[in-house]
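Visitor: Pasting a structure below so you can have a look.
We did not get these values from a lab; they are worked out from the coordinates using the rules stated. In this text, all values refer to a predicted model and were calculated from it rather than measured experimentally. Backbone-built Cβ (ideal geometry, glycine too); neighbour counts: all protein chains shown.
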Amino acid sequence: ELVIPTVNIPGDVKIKPLNYRWLSQATSLPRHVVQGCVQETILLYSFQLRKGQHLAFAFKDIGVLSCKDGVLCMRFYYECVVGLESKASQIALLHT
């Protein structure tokens, strides 16, 4: 069973749903492909967790999804974050 860690989140932080359209633009993949990949990954990982297996999923050029001590964590590679920020800035400029 997963445990939700006690973390103080400032009141002004808004939690937003995953933006498949933005991910599609940032990765140059069709939206339905991005959405399907995310959903299938979540299903596969939740299946593994239910079976008591705590495997780490390594996503090429993205990062590692792992579960340790009941806490689910996604650690992004530095290059991925820099690349997404760069693409996001370019897309934002196109929309202005």
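Visitor: Within the set of pairs 6+ apart or on separate chains, which have a first residue in the stretch 12-36 that is touching a residue at least 40 places away in the same chain (Cβ under 8 Å), a second that is assigned to a helix (DSSP H, G or I), and C-beta atoms under 8 Å apart?
Guide: Once the first residue is touching a residue at least 40 places away in the same chain (Cβ under 8 Å) and sits in the stretch 12-36, its partners that are assigned to a helix (DSSP H, G or I) give TRP22/ALA88; TRP22/ILE91; GLN25/LYS87; GLN25/ILE91; ALA26/LEU84; ALA26/LYS87; ALA26/ALA88; ALA26/ILE91.
Visitor: What number of residues within the stretch 46-63 satisfy the criterion of being within 25 Å of ALA26 (Cβ to Cβ) and of a type in the set (A, V, I, L, M, F, W, C)?
Guide: 5
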